[in-house]
Structures are given as C-alpha cells and as structure tokens.
Ligand code: SF4
C-alpha cells in the first residue's frame, strides 16, 4: 500500500475532459456518470471537514502478468480479468483503508489529536484516477489508467478523506513517451485517441456494465474474455514492474483462473450465486454471465462438445442469452 496526498479540488482541465467524454456519448449506458457533477469536481463536499485526500494504491495481482498473457492464448479457457479473480475488492480495500486511518489516529492520539475521516473505493462519485494523479501516485497513461513507475498499473485505488490539513504531494511527470502499445493491442480498438476511451467498445464495459446485447460486430473480437479485459495493462511495458498482493483475499477463488468456458457455462443460476458469493462478478447477474460465456464459446475452436452444450442450454435460456447462443452456434 502506498499513500500520497491530493488537493481537494479537481483541476479545471480534468473537469473539461470528463465533460467532453460524456458529451461525446463515450460513457454508453453508464448514465450514473452524468449525476453528481458538483460532488465529482469538489469531492470534499462528500464529507464535511475534509481538508486533504489521501490517495492510496493497493496491488491486486496474485501471480505474474505472464500467466495472464498465456491464458488469453487458449480459446477454450474462460478469461476473467485479474482484479476479479478473488474476493470483492470493495470490501477488502475498504477494510485496509479503515485499518490505515485508525493507525493514523493511534499515532495522533499520542499528541492528543484526532482526525475525522471517511474512506472510499470505487463507491462514490469520485474521480479516483485524477486524485491519484494530482497526488503524484502516478500519471494517467494513454490507456486512461493510472501508471506508476515502480508499480505499473495493476492496483486498486482508494481514498481517505481526512480533516488533517496535510500539504498536497507534487504531481509526477508523464512517462508514456512515444509508446502506443495499449492503443495498438486493444482487441476492439476502443481508444478514439490516446487518453480517450470510447467505453461502448471497451470489453470491460461490454461484459460488465452493458445490460443488453453485445454488438454483433464486436463479438468475435472479445475472444475468450468473459468478464472484463486486461490487455491494455498486460502489454503495457510499465507492468513489468507490477507488484504482487500480500493479501490472500485476492487469491483466485473457484478455479476462476483455470476453468474452461464449458465448465463455467455448465453452472446453474444457483451455482453461480453460491460460488460467486463475495466476488465482484456476482453483480452482473446470471444472464450477463451466460451471455458473455456464450460469446466466448462462439469464439472457441469448433468442437462437438461446445455445440452440444450450446444446444442443450438454448431452450431454457432468456431471449438475451438465446440470441447470443444462436450467434455462437453459427460460429461453431
Ligand atoms: S502501453 Fe505505453 S502508451 Fe499505453 S499506458 Fe502503457 S506506457 Fe502508456
């Protein structure tokens, strides 16, 4: 865990870029991003008494990025984004932030001082990457994510809003240079320009945030990615410096790092709910889960076993899933 201090106002240029992203429709169905703009740009209003924001990053990888790169190559493997293989990060990161904030209070207590605080991680209208950038926790890469020279980008961000009047750290410089790897490697070519993502084409959006059908023209590009996508990070040269997590919470559960598409497609809705209890994946629901795996099966090497599994599932599937199964059968 590494912490730096950000100022409590989002800088004007970042505000304009975010407004442009929304106006261009790049947020797709994520209409919640249009709400609470005042809070987004003046985050201290989320917690009165806030005088500084401690931006914290916490690595989540439980194994080297080469292992993830290898899994992308096996069309029968169900690829789950590396951040979602273990326990739901919302709970884990929040607990760690609470411990950290309490530890600060213990130190302060020896001087008869106390901070008032509140912790957040991906749970409020907060521009986390921008705050981390302002705090010097890294720079915003061309893939729009925070990159750190010593840690790459495969970490969660969290914040402690504190009443302590801490002086902000200095922002760091950009180090993408002439590299364009993330833009070139993106399977759906979702980057409009460097630093600008059209989420409607992003596989993470299509498989997690998108409640409806996956556009037909993008399905074959999704490959075996059934929940999220790591490509713009896995192939970023800075991620050779990515760190492994010290927490067991992010260790893969339910063999999500080693299951085939067919194994996961065979889960009933009850199994889905039981096995993914405490996983961030549970949130997308069984229909989206099956929709995503059906697309993966359509992209897998043709086999009788896949055709049979798709045909077997078809009669009991919802219209959304059935349409994706029919597409997959056409590819097989
Ligand atoms: S892949 Fe290259 S351009 Fe993209 S974020 Fe990493 S360093 Fe920057």
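The values are calculated or read from the model by the stated rules, or taken from the named source; none is laboratory data. Worth saying up front: this structure is predicted, and the values here are computed from it rather than measured. Note: ideal-geometry Cβ built from the backbone for every residue, glycine included; neighbour counts use all protein chains shown.
Could you identify the single residue in 328, 305 that is surrounded by fewer than 17 Cβ atoms within 10 Å (Cβ to Cβ) and farther than 30 Å from residue 58 by Cβ?
305
Looking for whichever is farther than 30 Å from residue 163 by Cβ and modelled with pLDDT of 95 or more here; the options are 46, 85. Which one fits?
85
Can you find a residue in segment 262-282 that is within 22 Å of residue 217 (Cα to Cα) and within 26 Å of the chain's Cα centre (by Cα)?
Within segment 262-282 (the criterion being within 22 Å of residue 217 (Cα to Cα) and within 26 Å of the chain's Cα centre (by Cα)), the answer is no, since none of the residues qualifies.
Going through segment 131-147 one residue at a time, which ones are in a helix (DSSP H, G or I) and more than 16 Å from the ligand (Cβ to nearest atom)?
Correct list: 131, 134.
Tally up the residues in segment 230-242 that are out of contact with any helix residue (DSSP H, G or I) (no Cβ under 8 Å at 6 or more places or on another chain) and either free of Cβ contacts under 8 Å to residues at least 40 places away in the same chain or surrounded by fewer than 18 Cβ atoms within 10 Å (Cβ to Cβ) (or both), please.
Count: 1.
Can you run down the residue pairs with Cβ atoms below 7 Å, 6 or more apart or on separate chains, where the first is in segment 179-201 and closer than 13 Å to residue 237 by Cα and the partner is more than 8 Å from the ligand (Cβ to nearest atom) and assigned to a helix (DSSP H, G or I)?
Sorted first by the residue in segment 179-201, then by its partner, the pairs are 185/231.
With the structure loaded, tell me whether residue 150 is within 16 Å of the ligand (Cβ to nearest atom) and over 30 Å from residue 324 (Cβ atoms) or whether it fails that test.
yes
Filter segment 169-200 down to residues that are farther than 18 Å from residue 20 by Cβ and either more than 10 Å from the ligand (Cβ to nearest atom) or within 17 Å of the chain's Cα centre (by Cα) (or both), then give me how many there are.
The number of residues fulfilling the criteria is 10.
Would you point out the residue of segment 21-50, among those that are part of a helix (DSSP H, G or I) and in contact with a strand residue (DSSP E or B) (Cβ under 8 Å, 6 or more places away or on another chain), that is surrounded by the fewest Cβ atoms within 10 Å (Cβ to Cβ)?
Looking at residues that are part of a helix (DSSP H, G or I) and in contact with a strand residue (DSSP E or B) (Cβ under 8 Å, 6 or more places away or on another chain), I get 44.
Can you find even one residue in segment 248-263 that is buried (at least 19 other Cβ atoms within 10 Å of the Cβ), within 16 Å of the ligand (Cβ to nearest atom) and in a helix (DSSP H, G or I)?
Within segment 248-263, not a single residue is buried (at least 19 other Cβ atoms within 10 Å of the Cβ), within 16 Å of the ligand (Cβ to nearest atom) and in a helix (DSSP H, G or I).
Counting only residues that are touching a helix residue (DSSP H, G or I) at 6+ places or on another chain (Cβ under 8 Å) and part of a loop (DSSP other than H, G, I, E, B), which one in segment 303-332 is nearest to residue 225 (Cα to Cα)?
Step by step, filter segment 303-332, then rank; the result is 332.
Can you name the number of the only condition in (1) touching a residue at least 40 places away in the same chain (Cβ under 8 Å); (2) in a loop (DSSP other than H, G, I, E, B); (3) closer than 23 Å to residue 86 by Cα that residue 284 fails?
(2)
I'm checking my understanding of the structure. Among residues of segment 95-123 that are within 30 Å of residue 289 (Cα to Cα) and touching a strand residue (DSSP E or B) at 6+ places or on another chain (Cβ under 6 Å), which one is surrounded by the most Cβ atoms within 10 Å (Cβ to Cβ)?
This residue is 120.
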